[in-house]
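A.B. asks: Structure provided below as structure tokens; questions to follow.
The values are calculated or read from the model by the stated rules, or taken from the named source; none is laboratory data. Computed from a predicted structure; not experimentally measured. Ideal geometry is used to build each Cβ from the backbone, glycine not excepted, and the neighbour counts take in all protein chains shown.
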Amino acid sequence: MKIYNYQQRSEEWLDARKGKITGKKLKDIVVKRGTKKKIGFYELIADRLAIPTDEDAMARGARLEEEAVARFEKEMGKKVRQVGFCTREDNENIAVSPDGIIDGEKITEHIEIKCLSSAIHLQAYFEQQIPKEYYEQVLQNFIVNDDLETLYFVFYDPRVPALDFHMIEVKRETVQEDVQALYEYQINVLKEVDELTSKIAF
């Protein structure tokens, strides 16, 4: 066993731990045979590839959104129009705020941009899967816009210079069953909300 006499939590100590499996990190790496890799696996890759930063995640996401849109336009040759808020034609209580739409005769393309942790950014690339916490957001774009055919889910992280931009295209036909189920669920929720509101409204 090699021993390094770094003071714990010092800058030197923190640097020495990067990209290594430590006792603390092990629980986020160990998986049962046949299951997907945990986020700790991708954190090891991020430790080796990403430029570290202490910037607040939400502030960074807001700051980078325009940059990410410009990069998407350059990569895809499509012009993005940023909009504030969209609702269904037949029900204004079902809404979404896409990060951009691509104009055409009909609006058949939206984009969503995520500037996430470097580990999640890399995980999404290697697994080619949108993080599950954003799945309902993806579906809501299709629920609000009946003409939507493709959602470009864009990942942008300039802290990973070797892979700062990638995206996953979601086609309506691959999610239509879930879109329909979640639409019907929202209709039922809104109906119940209306009923309970009317009981106490003056």
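A.B. asks: Being surrounded by fewer than 16 Cβ atoms within 10 Å (Cβ to Cβ), assigned to a strand (DSSP E or B) and in contact with a Phe, Trp or Tyr (Cβ under 9 Å, 6 or more places away or on another chain) is the filter here, so list the residues in the stretch 134-188 that pass it.
C.D. replies: Residue satisfying the conditions is Glu169 alone.
A.B. asks: Test of understanding: among Ile107, Ile120, Ile102, which residue is of a type in the set (A, V, I, L, M, F, W, C) and in contact with a Pro (Cβ under 8 Å, 6 or more places away or on another chain)? If you could, list the steps in order and put the result at the bottom.
C.D. replies: Details: Ile107 fails: in contact with a Pro (Cβ under 8 Å, 6 or more places away or on another chain); Ile102 fails: in contact with a Pro (Cβ under 8 Å, 6 or more places away or on another chain).
Within the list Ile107, Ile120, Ile102, the selection yields Ile120.
A.B. asks: In addition: Can you tell me how many residues in the stretch 108-123 are in contact with a Leu (Cβ under 7 Å, 6 or more places away or on another chain) and farther than 22 Å from Arg63 by Cβ?
C.D. replies: Residues flagged as in contact with a Leu (Cβ under 7 Å, 6 or more places away or on another chain) and farther than 22 Å from Arg63 by Cβ within the stretch 108-123 amount to 1.
A.B. asks: Condition test on Leu163, is it over 30 Å from Ala50 (Cα atoms) and either touching a residue at least 40 places away in the same chain (Cβ under 8 Å) or within 26 Å of the chain's Cα centre (by Cα) (or both)?
C.D. replies: Details: over 30 Å from Ala50 (Cα atoms): no; either touching a residue at least 40 places away in the same chain (Cβ under 8 Å) or within 26 Å of the chain's Cα centre (by Cα) (or both): yes.
No.
A.B. asks: Can I ask one more? Every residue in the stretch 116-164 that is farther than 21 Å from Glu65 by Cα and among the aromatic types (Phe, Trp, Tyr), please.
C.D. replies: Phe126, Phe142
A.B. asks: Then there's this: I'm told Thr108 meets every condition in (1) β-branched (Val, Ile, Thr); (2) over 19 Å from Glu169 (Cβ atoms); (3) over 19 Å from the mean Cα position of the chain (by Cα) except one. Can you identify the failing condition by its number?
C.D. replies: Just one mismatch for Thr108, condition (2).
A.B. asks: Yes or no: Thr108 closer than 17 Å to Glu75 by Cα and among the polar types (S, T, N, Q)? First the steps, then the outcome.
C.D. replies: Values: closer than 17 Å to Glu75 by Cα: no; among the polar types (S, T, N, Q): yes.
Considered against the rule, which asks whether it is closer than 17 Å to Glu75 by Cα and among the polar types (S, T, N, Q), Thr108 comes out as no.
A.B. asks: Kindly establish whether Gly61 is closer than 26 Å to Leu151 by Cα and modelled with pLDDT of 90 or more.
C.D. replies: In short, no.
A.B. asks: Continuing with this model, one more query. Which members of the stretch 106-121 meet the condition of being of a type in the set (S, T, N, Q) and either farther than 16 Å from Tyr134 by Cβ or free of Cβ contacts under 8 Å to residues at least 60 places away in the same chain (or both)? Reasoning before the result, please.
C.D. replies: Residues of the stretch 106-121 that are of a type in the set (S, T, N, Q), as a first pass: 108, 117-118.
Thr108, Ser118 - these are the residues of the stretch 106-121 that are of a type in the set (S, T, N, Q) and either farther than 16 Å from Tyr134 by Cβ or free of Cβ contacts under 8 Å to residues at least 60 places away in the same chain (or both).
A.B. asks: Inside the stretch 3-78, counting only helices (runs of 4 or more DSSP H) that do not spill past its ends, which hold 3 or more residues that are touching a residue at least 60 places away in the same chain (Cβ under 8 Å) and either closer than 27 Å to Pro158 by Cβ or more than 18 Å from the chain's Cα centre (by Cα) (or both)? Spell out the reasoning first.
C.D. replies: Details: elements: 11-17, 23-26, 39-49, 57-76.
Once the helices (runs of 4 or more DSSP H) in the stretch 3-78 are filtered for at least 3 residues that are touching a residue at least 60 places away in the same chain (Cβ under 8 Å) and either closer than 27 Å to Pro158 by Cβ or more than 18 Å from the chain's Cα centre (by Cα) (or both), what remains is 39-49, 57-76.
A.B. asks: Got a number for residues in the stretch 85-123 being within 12 Å of Tyr152 (Cβ to Cβ) and buried (at least 17 other Cβ atoms within 10 Å of the Cβ)?
C.D. replies: Just the residues of the stretch 85-123 that are within 12 Å of Tyr152 (Cβ to Cβ), to begin with: 98-102, 108-114.
Narrowing further to those that are buried (at least 17 other Cβ atoms within 10 Å of the Cβ): 98-102, 109-114.
Residues that pass the stated criteria total 11.
A.B. asks: Specify the residue that is nearest to Met58 (Cα to Cα); the eligible residues are those in the stretch 124-133 that are surrounded by 15 or more Cβ atoms within 10 Å (Cβ to Cβ) and within 10 Å of the chain's Cα centre (by Cα). Working first, answer last.
C.D. replies: From the stretch 124-133, those surrounded by 15 or more Cβ atoms within 10 Å (Cβ to Cβ) are 124-125, 130-131; that's our starting set.
Adding the requirement that they be within 10 Å of the chain's Cα centre (by Cα) leaves 124, 130-131.
Details: Ala124: 19, Ile130: 19, Pro131: 17 Å.
Selected residue: Pro131.
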